Amino acid sequence: MLRNFLPFFSVFITIFILSCNQSGDQHKKTDLHDEDILIVAQDESNKELSSSEEDFIRFIERFSRDEKFQLQRIKFPISVIVPDTGDQGMAPKEESIDKYDWEQLDLTYDSTYLTRPYDQYYQVVRYRMDTAIVEIRGINNGIYADYYFSRIDNEWYLVTLYEASF
């Protein structure tokens, strides 16, 4: 009886060890993914930046509340991708907006936007080297926008945007 049990037990241990290793690998992959996608309201990652680099979260807060600062930190004329309302399928088209046609953006985020009765959305920031993309995604309502920022001379600038909300 013990001879029959021993091979079964060793197979069981091997499977258990392999499944633990695979689970650990998945956690490592998830951790890497979580570093790429950060909710703006909870971001603490930029605290380790050198003093010469501008903190993106502080930049976004000022960018959203100070209209004069916002106009200084946009590379005009800015290229935007928007739905073509003249096209039946609302295919995207590229437009250009100059400084005098710009409407102030508010990219501050509050987690209550997820639970309000209308126009629910969430917002994340994706960081890559010297770029940041603020993504806004509606929940069953057609809100969809991406704002592309680049760090130029250690300062953040809005360089383009993609607005596909309908």
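Of the residues making up the stretch 100-116, those that are surrounded by 11 or more Cβ atoms within 10 Å (Cβ to Cβ) and in contact with a helix residue (DSSP H, G or I) (Cβ under 8 Å, 6 or more places away or on another chain) are 102, 104, 105, 107, 108, 109, 111. Here is the figure for the stretch 117-137: residues that are loosely packed, with under 15 Cβ neighbours inside 10 Å, among the hydroxyl-bearing types (Ser, Thr, Tyr) and modelled with pLDDT under 95 total 1.
To keep it simple, each residue is scored yes or no on (1) under 22 Å from residue 57 (Cα atoms); (2) of a type in the set (Phe, Trp, Tyr); (3) modelled with pLDDT under 95; (4) within 14 Å of the chain's Cα centre (by Cα).
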residue	(1), (2), (3), (4)
71	yes, no, no, no
83	no, no, yes, no
87	no, no, yes, no
96	no, no, no, no
115	no, no, yes, no
142	no, no, yes, no
149	yes, yes, no, yes
162	yes, yes, no, yes
165	no, no, yes, no
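Of the strands (runs of 3 or more DSSP E) lying entirely inside the stretch 68-166, those containing at least 3 residues that are more than 25 Å from residue 54 (Cβ to Cβ) and touching a strand residue (DSSP E or B) at 6+ places or on another chain (Cβ under 9 Å) span 74-83, 92-97.
The number of residues in the stretch 138-162 being of a type outside the set (A, V, I, L, M, F, W, C) and either more than 22 Å from residue 94 (Cβ to Cβ) or exposed (fewer than 12 other Cβ atoms within 10 Å of the Cβ) (or both) comes to 8. Condition first: more than 12 Å from residue 157 (Cα to Cα) and either β-branched (Val, Ile, Thr) or in contact (Cβ under 8 Å) with a residue 40 or more places away in the chain (or both). Now tell me which residues in the stretch 62-75 satisfy that. Passing the criteria: 64, 65. Please indicate, with yes or no, whether at least one residue in the stretch 76-96 is among the aliphatic types (A, V, I, L, M), within 23 Å of residue 143 (Cα to Cα) and free of Cβ contacts under 8 Å to residues at least 40 places away in the same chain. Yes, because at least one residue in the stretch 76-96 is among the aliphatic types (A, V, I, L, M), within 23 Å of residue 143 (Cα to Cα) and free of Cβ contacts under 8 Å to residues at least 40 places away in the same chain.
The values are calculated or read from the model by the stated rules, or taken from the named source; none is laboratory data. None of these values were measured; they are calculated from a predicted model. Virtual Cβ from ideal backbone geometry, glycine too; neighbours counted across all protein chains shown.
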